[in-house]
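Asks: Okay, handing you the structure first.
All of the numbers you see were taken from the coordinates with simple rules; none came from a lab. Since this is a predicted model, take the numbers as computed values, not measurements. Note that each Cβ is placed from the backbone with ideal geometry, even for glycine, and that neighbours are counted across all protein chains shown.
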Amino acid sequence: MTNLGQMLKQAQQMQARMGELQEKLSTIEVTGSSGAGMVSVTLSGKGETRRVKIDPSLAEAKDVEVLEDLLVAAFNDAKGKADRLMAEKMSELTGGLQLPPGIKLPF
């Protein structure tokens, strides 16, 4: 029974650390860009969109398709960075222990 009690205590500690990590990730920002920096998207560490910046030279009506493609590329760049940041922080939290495939923590 001692092992079970110890496991429960460790699970509670892990839950508390995960809560702290979630709070920290909501304050961290990552920025992705495309078009040599003409379009940038900033996300929180949790993947929430914070800002979009567009170079004014792209604002002409004939460039709408290019602008749309650049926005998608910038968002995907930022999302990839946010995902890598979350994976890095989770690895620190779990001591490098890999979670089974398909299990996602509440981020």
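Asks: Within the range 19-45, which residues are crowded, with 17+ Cβ neighbours inside 10 Å, of a type outside the set (Ser, Thr, Tyr) and in contact (Cβ under 8 Å) with a residue 40 or more places away in the chain?
Replies: Residues satisfying the conditions are Leu21, Leu25, Val30, Gly32, Gly45.
Asks: From the list Val72, Val52, exactly one residue is among the hydrophobic types (A, V, I, L, M, F, W, C) and outside any helix (DSSP H, G or I). Which is it?
Replies: Just a single option satisfies the conditions, and that option is Val52.
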